[in-house]
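The structure appears below as structure tokens.
Laboratory data are not the source of any read-out in this text; all were calculated from the coordinates shown. All figures in this text were calculated on a predicted structure; none of them were measured in a lab. Here the Cβ is made from the backbone with ideal geometry for all residues, glycine too, and neighbour counts use every protein chain on show.
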Amino acid sequence: MDNFQRQALLAGAKAELPIVVGVIPFGMIFGAIAVTAGIPPLLAQSMSIIIFAGSAQFIAAGLMGVGTPFLVLLTTTFIVNLRHMLYSASLAEHVRSLPLRWRLLLAYLLTDEAYAVTILHYTGGESSAAIRHWFYLGAGLMLWISWQVTTALGILLGARIPPSWSLDFALPVTFIAIVVPALRDRPHIGAAITAGVTAIVAHDLPYQLGLMAAALAGILVGLALERFNPVRQPATIPQEESGT
Amino acid sequence: MININPETLTMALAILGMGLITFSIRLSLFLLPESVTLAPWMLRALRYVPAAVLSAIIMPELLLPGGSLDMSLSNERLLAGVMAAVVAWRTRNILLTVGVGLGLLWILQALL
């Protein structure tokens, strides 16, 4: 690592700091929820290391606690994390020329939070293209370390948090914080309402099929509304939609 | 000693599987050659994924507490969620939204 690379790495880590402030309670709540759902502490920490995707981990923790079938866990994870394909598509042009080991590492670190600061850096154009991936790495590692440490803290505190605190409500309320500001045009509002109503109506379907039906219905309505109310900005990435 | 029972093993396998799926999604477009890009309709469809999926998770949590539909004013989660949504709309501040939502739920639960 030369001096410029180190500087880029540190700049990325620094840019990630404001987001880390919001991640601290989120990670702690995840750790607490996971152990109270009956997941052994070691496995709860493994979830943060191996899956490394907050929202999917929250949902998986709830589902695993009630003995949900394997395949349902996998498909649910796929649907919940499908949005990362959007980030992958958006960053691909910047990382495709990197060696494979770099692409593997950066893909592992591609969270909503790391994406949010990295895409701004890549599209900002004030840095040299040759060392930008060090910025991405710095942002990604900063988030990774925060997520692991706060998960561990949550696991340690978890058993001491009484159920009457309703900490499980932190999940929907965090998602509200992420999704509401992103509802900036009619197609997005339509997609959200359709998916929400479908999820209610189809809630009793087995195997999380309700979630799948809701996601599909929401996407279709969003696309349909777009035909009548074209989105002005070109097909790019909704940066406001960043969360865990 | 780590005591490995079948339930723990199943969980461990599930975690590995979920990790593999998440990693594959993130890696997917990083591996494509430069000449290949996603079709425009796919990119458009992907744009609605976060709003659709997150709403599908939020709404049952607010409207189906305990498993049955409750749209009354005694549904604390619904009230706290709506208030959190207002805060999110106005401030776009994640921390503040979470704080108001959770805080209000605790107050309502203490009162109702």
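Numbers for the structure displayed
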{"read-out": "Over region A:1-42 - Rg/Rh using Cα atoms and the Kirkwood inverse-distance radius", "value": "1.29"}
{"read-out": "Part-to-part distance (alpha-carbon centres) for region B:9-65 and region A:93-145, which is given in Å", "value": "19"}
{"read-out": "Relative contact order %, chain B, counting alpha carbon pairs below 8 Å whose residues are six or more apart", "value": "14"}
{"read-out": "Stokes-Einstein D in µm²/s, Kirkwood radius over Cα pairs - region B:13-63 at 20 °C with 1.002 mPa s viscosity", "value": "158"}
{"read-out": "Overall dimensions of region A:1-152 by Cα: Rg and Dmax, Å", "value": "16.4, 51"}
{"read-out": "Over the protein assembly as shown, volume per residue of the alpha carbon convex hull, in Å³", "value": "144"}
{"read-out": "222 nm mean residue ellipticity, helices alone, for the protein assembly as shown (DSSP H n ≥ 4; -39,500 (n - 2.57); rounded to 500)", "value": "-24000 deg cm²/dmol"}
{"read-out": "Computed E for residue A:74/residue A:224 - FRET, C-beta separation, R0 51 angstrom, nearest 0.05", "value": "0.95"}
{"read-out": "Span-rule helices in chain B, defined as complete DSSP H runs reaching 27 Å or more along the axis (Cα) with Kyte mean at least -0.5", "value": "B:6-31"}
{"read-out": "Gyration tensor verdict on region A:100-162 (Cα atoms; rounded if a/c is under 1.5, prolate if a/b is larger than b/c, oblate otherwise)", "value": "prolate"}
{"read-out": "Pairwise label distance in nanometres, residue A:42 with residue A:6, each label 7 Å out on the Cα-Cβ vector", "value": "3.8"}
{"read-out": "Tensor-based shape of chain B (alpha-carbon gyration tensor, a/c under 1.5 rounded, otherwise prolate or oblate)", "value": "oblate"}
{"read-out": "Förster-model FRET efficiency, 45 Å R0, residue A:160 and residue B:42, C-beta, rounded to 0.05", "value": "0.45"}
{"read-out": "Candidates per GluC sites (Glu not before Pro) in region A:81-182, loop by DSSP, up to 15 other Cβ within 10 Å", "value": "A:126"}
{"read-out": "FRET efficiency, residue A:96 to residue A:130 (Cβ-Cβ, R0 22 Å, nearest 0.05)", "value": "0.90"}
{"read-out": "Number of partner chain Cβ atoms within 10 Å, mean per residue of A:55-62", "value": "2"}
{"read-out": "Distance (nanometres) between label positions extended 7 Å along Cα→Cβ at residue B:68 and residue A:207", "value": "2.9"}
